[in-house]
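Enquirer: Next up is a structure, given as structure tokens.
The values are calculated or read from the model by the stated rules, or taken from the named source; none is laboratory data. Every value quoted in this text rests on a predicted model; they were computed, and no experiment measured them. Positions of Cβ are generated from backbone atoms using ideal geometry, with glycine treated the same way; all protein chains shown enter the neighbour counts. All accessible areas refer to the heavy atoms of the entire protein, side chains included, with ligands and DNA or RNA removed. Shrake-Rupley method; radii C 1.70, N 1.55, O 1.52, S 1.80 Å.
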Amino acid sequence: MGVQSCTPIFYIGRIILISQKHIKTSLLATILVGLVFGSCKEPITGDRNANKAPSTNLTVEAINRGNDFRLSSQIKISWFGIDPDGYVIGYEYAINDTSESAWTFTTKTDSTFILPITPGQQNDDVLFKIRAVDNENLRDPVGARLVYPVVNSEPEVAINRTQSPPDTLYSIASFGWSFSDPDGILNLDRTEIAVNDTVNGWVEIPFTESDEGQLFISLEVDNSTSGAKEARVFLGKSYSTLQVDGQSLVIPGVKVGEKNTFYVRAIDASESKSNVDTLSWFIKEQKSKTLILNDYSGSNSAETLEFHLNILNEGGLTPDVWNINDGEVVQGRVALSEAFPTVVDPTLEKTLAKWDHIYWISNDMDRNIVYAQEILREFFSNGGTSFVNIPIKKMNTTDEVFNFIPVDSIATGDYYLFQDTLVVPTPPLEATLKVAAGGFALVSAKPVKGISGSKALYSADYHRKTSRGFSAYNGYEQVAIENPEGNLVYFAIDLKNLNGNNNLGQLIQELVVGRLGFKQ
């Protein structure tokens with residue numbers, strides 16, 4: 001009896017599971033099941049089953065809202081797909097346009113969209129369609145669709161008052177503003193600014209999502225002469241030139257010697273415009289290479305300023321003047337003058353660096369001079385020189401102001417200069433000054449000692465007050481000190497008290513013009 005030849009036949013089957021959490025199909029395993037069916041002399045015949053397309057569903061199937069209850073154009077949409085004989089590898093979605101080139105592929109099952117509203121319209125009905133794609137790249141031929149009734153919300157913009165210029169300023173003015181849209185920042189198309197002209201003067205200031213709804217720019221204008229000028233635009237604290245299409249951006253019609261008004265607005269993707277926020281400021285003309293920073297407070301401030309202007313005039317200088325004597329000293333310090341730009345870096349630093357020389361007067365070491373090291377950083381980097389006349393007082397030399405003025409030590413106790421005491425220069429200076437006490441027999445003053453490497457330019461014979469009267473003082477007796485770099489001279493006694501020889505004009509000519517190089 002012959003043995004029937006037999007060929008073992010193996011059945012290849014697939015187990016397909018649907019994840020309840022993600023509601024998507026995935027092929028979990030292919031199991032080989034070896035089943036011997038006896039004799040296999042006859043081959044298995046038939047047609048392979050065709051791949052079946054996946055199906056797609058939106059988690060929200062219908063929206064029933066009237067015109068008064070439309071949705072925001074920023075909407076989160078979610079969906080899922082099922083494949084009966086394979087697994088879904090992703091989805092394609094289209095918004096309004098469902099032509100084949102308009103579909104976008106994604107592996108996500110939800111996303112937040114800014115649905116486009118037709119430009120010029122506040123309300124719109126936007127079609128969203130989604131279709132699943134299976135592991136053999138077969139697409140759901142029907143897909144899921146839903147029309148979203150949306151309403152556009154107007155964007156908002158506001159100037160940041162802590163990043164804006166004071167009422168009057170010189171060549172550089174900075175502006176910061178915030179912008180937002182209830183429909184999402186991605187719904188915003190642009191921000192625009194204008195100066196003085198809101199008809200033809202709007203200029204786009206581009207932004208990116210990383211700006212997080214905040215922009216900061218500076219406008220720099222040539223203020224050496226009055227009249228309408230173009231202002232260059234610089235972006236951010238880095239003060240980088242703002243370029244659009246490879247060209248440096250400029251704002252026309254900025255007026256030197258006049259009041260200007262800054263306008264800003266935001267515009268969204270549907271061309272809906274925000275409110276317009278505004279701020280006005282006056283641009284002063286810069287007429288000199290020398291600037292007086294007048295921080296002399298009190299009732300005789302104007303008189304003191306006039307005194308210094310007169311002696312500078314004798315030296316051939318007619319400087320620009322910036323009054324920064326607002327504010328009162330509280331708890332040992334005054335707040336930075338409101339006459340200055342609110343942003344120190346870069347606005348104030350770059351503004352002060354427009355001058356070659358700064359003549360700083362004050363009646364208190366606790367006033368704005370405490371900020372000098374910071375705000376004059378670029379000024380000195382550009383080769384600037386400075387003369388500072390502020391009477392010294394009892395202070396701790398660890399105070400940060402001593403990072404600026406070249407003083408190492410201040411004599412302790414009460415010291416005075418008698419009427420007609422000579423204040424003697426160090427050669428080659430020749431202008432010997434004399435104490436003019438202004439109706440008093442003596443002037444309160446404190447001897448100072450310069451830091452290492454500094455130079456004593458003037459000294460005087462001080463007297464110390466004791467319980468028995470006055471005694472001669474034989475310690476350090478410096479009055480004026482030049483810093484080691486040679487770009488700063490500090491005078492520790494108010495010059496108004498040293499004009500007994502009526503020769504302060506000579507001092508200005510020798511020390512301020514000759515030594516520090518001040519020019520008109």
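Enquirer: Leaving out ligands and nucleic acids, note down the accessible area per residue over segment 108-155 with a 1.4 angstrom probe, in whole Å².
Expert: Details: 2250 Å² over 48 residues.
Ligands and nucleic acids excluded, the figure is 47 Å² per residue.
Enquirer: Let me ask something additional. Residues of segment 273-309 with amide nitrogen under 12 Å from the 7 Å Cα-to-Cβ point of ASN323?
Expert: From segment 273-309, the list is 294-306.
Enquirer: Let me ask something else. Would you list which lysines come within 20 Å of LYS393, measuring only between C-alpha atoms, while excluding same-chain residues fewer than 8 positions from it?
Expert: Cross-link targets: LYS446, LYS449, LYS465, LYS496.
Enquirer: Based solely on C-alpha atoms, express the radius of gyration and the Dmax of segment 149-260 in angstrom.
Expert: 15.2, 57
Enquirer: When each pair of different Cα atoms in segment 230-338 is counted once in the 1/r mean, what is the Kirkwood radius in angstroms, to one decimal?
Expert: Taking the inverse mean of 1/r over all distinct Cα pairs, segment 230-338 comes out at 18.3 Å.
Enquirer: If you take the beta carbon distance between SER467 and VAL244 as r and set R0 to 56 Å, what does 1/(1 + (r/R0)^6) give as a FRET efficiency, to the nearest 0.05?
Expert: Working: r = 75 Å, r/R0 = 1.33.
Calculated value: 0.15.
Enquirer: Can I ask one more? Percent of Cα-Cα pairs per 20 Å bin, from 0 to the last occupied bin, for the chain, please list those.
Expert: Result returned by the calculation: 17, 31, 20, 16, 11, 4, 1, 0.
Enquirer: Leaving ligands, DNA and RNA out of it, report the carbon-plus-sulfur percent of the accessible area of the chain at a 1.4 Å probe. Let's see the in-between values first.
Expert: On the way: 12270 of 25890 Å².
Summing carbon and sulfur atoms, their accessible area is 47 percent of the total for the chain.
Enquirer: Further, regarding this structure: For every other residue with a beta carbon closer than 12 angstrom to the beta carbon of ASN501, add +1 if it is Lys or Arg and -1 if Asp or Glu, then tell me the sum. The partial results should precede the final answer.
Expert: Values: positive: LYS434; negative: ASP420, GLU430.
Residues close to ASN501 contribute a combined charge of -1.
Enquirer: Starting from 0 in steps of 5 Å, tell me what percent of the Cα-Cα pairs of segment 185-228 lands in each bin.
Expert: 5, 15, 22, 20, 17, 11, 5, 4, 1
Enquirer: Follow-up. Debye calculation, C-alpha points only, no solvent: report log10 I(q)/I(0) for segment 395-440 at q = 0.17 Å⁻¹, in the same order as the q values.
Expert: -0.80
Enquirer: With runs of 4+ DSSP H residues as the only contributors, calculate the mean residue ellipticity of the chain at 222 nm using -39,500 (n - 2.57) per run, divided by the residue total and rounded to the nearest 500.
Expert: Numbers: 5 runs with 31 residues, N = 520.
Calculated at 222 nm, the ellipticity per residue is -1500 deg cm²/dmol.
Enquirer: Of the peptides 186-197, 170-181, how do they stack up when ordered by the mean number of other Cβ atoms within 10 Å, highest first?
Expert: Numbers: 186-197: 19.2, 170-181: 22.7.
Averaged packing, sorted descending, gives the order 170-181, 186-197.
Enquirer: Among residues other than PHE402 whose Cβ falls under 12 Å from its Cβ, what is the net charge (Lys/Arg +1, Asp/Glu -1)?
Expert: Details: positive: LYS449; negative: ASP399, GLU400, ASP408.
Residues near PHE402 contribute -2 overall.
Enquirer: How many nm is it between the label spots at LYS287 and VAL203, if each spot is 7 Å from the Cα in line with the beta carbon?
Expert: Calculated label separation equals 2.8 nm.
Enquirer: OK, next. With label points built 7 Å along Cα→Cβ from the Cα atoms of GLN122 and TYR476, find their separation and express it in nm.
Expert: Output for this residue pair reads 7.4 nm.
Enquirer: On C-alpha positions alone, give me the angle between the axis of helix 301-314 and the longest principal axis of the chain, in degrees, nearest 10.
Expert: 70
Enquirer: Please give me the summed charge of the neighbours of ALA460: other residues whose Cβ is under 15 Å from its Cβ, Lys and Arg +1, Asp and Glu -1. Let's see the in-between values first.
Expert: Details: positive: LYS434, LYS446, LYS449, ARG464; negative: ASP420, ASP461, GLU477, ASP494.
Charge balance near ALA460 sits at 0.
Enquirer: Averaged across orientations, what area in nm² does the convex hull of the alpha carbons in segment 293-416 project? Please report the intermediate quantities before stating the final value.
Expert: Values: hull surface 34.7 nm².
If I average the Cα hull's projected area over directions, I get 8.7 nm².
Enquirer: Over the alpha-carbon set of segment 382-497, divide Rg by the Kirkwood Rh and report the Rg/Rh ratio to two decimals. It would help to have the intermediate numbers written out before the result.
Expert: Numbers: Rg = 14.1 Å, Rh = 14.6 Å.
In segment 382-497, Rg relative to Rh is 0.96.
Enquirer: Please give, to one decimal in nm, the separation of the simple spin-label points placed at SER381 and SER226, each 7 Å out from Cα toward the Cβ.
Expert: 3.4
Enquirer: How much accessible surface area, in Å² rounded to 10, belongs to the heavy atoms of ASP222 with a 1.4 Å probe?
Expert: 90
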